[in-house]
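Here is the structure we will look at.
The values are calculated or read from the model by the stated rules, or taken from the named source; none is laboratory data. Predicted, not measured: the structure shown is a model, and the values here were computed from it. Positions of Cβ are generated from backbone atoms using ideal geometry, with glycine treated the same way; all protein chains shown enter the neighbour counts.
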Amino acid sequence: MQKIYYHDFLIAEHTYLLGATNRGLAFVGSWDKGLSELQSFYPEAELIDQEAPLRNYYIQLKEYLEGTRKTFKVAIDISGTEFQKQVWHSLRQIPYGQTTNYSQIAQSIGRPQAVRAVGSAIGKNPLLIIVPCHRVLTKSGKLGGYRGGTIMKKDLLKIEAKHSQ
């Protein structure tokens, strides 16, 4: 059984639940959501509330949210289908402060007709912010969906716009 260490951290007036295995960061939760969000991604895992294994991840997330960090240097441990992994890898290539759209992600992985499937894979991203799905907009430039909600997505984009100069 997979063990995931988790803990809630208060950063900039919101609580973020982080989860990690011994191999790397496995989960970044939405604002102020509880343990149930982590459980929905890892229903079979043994969950252990322990802050110490998450300290470095917390520090880097806090720095990002304060605008002093633009890239993350963390080991990650997430699993998904090969298609999801391709999408998530493409998301990690989107530069800080820039956005793209679902069609461009589909093209970047060589599947230009798979726009809806790309959207589905993005929705299953367990690492909000670290795998920056908030940087993906609709083709018309609207926010589109986001697991953390559109207000969270808008705030993340504002942080990056403010600090990308």
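May I ask you to list pairs of residues, at least six apart or on different chains, whose Cβ atoms are under 6 Å apart, with the first in region 69-85 being loosely packed, with under 15 Cβ neighbours inside 10 Å and the second being in a loop (DSSP other than H, G, I, E, B)?
Note: pairs meeting the criteria are Lys70/Tyr96; Ala75/Gly24.
Please work out which one of (1) exposed (fewer than 15 other Cβ atoms within 10 Å of the Cβ); (2) β-branched (Val, Ile, Thr); (3) over 19 Å from Asp77 (Cβ atoms); (4) touching a residue at least 24 places away in the same chain (Cβ under 8 Å) is the condition Ile48 fails and give its number.
It fails just one condition, (3).
Just name the residue that is modelled with the lowest pLDDT out of those in region 33-45 that are in a loop (DSSP other than H, G, I, E, B) and surrounded by 14 or more Cβ atoms within 10 Å (Cβ to Cβ).
Across region 33-45, the extreme among qualifying residues is Lys33.
Restricting to region 34-53, name every residue that is over 21 Å from His14 (Cβ atoms) and within 19 Å of the chain's Cα centre (by Cα).
Tyr42, Pro43, Pro53 - these are the residues of region 34-53 that are over 21 Å from His14 (Cβ atoms) and within 19 Å of the chain's Cα centre (by Cα).
Out of (1) surrounded by fewer than 18 Cβ atoms within 10 Å (Cβ to Cβ); (2) within 13 Å of the chain's Cα centre (by Cα); (3) at pLDDT 95 or above; (4) closer than 19 Å to Lys153 by Cβ, what's the single condition that is false for His89?
(4) is the only condition that His89 fails.
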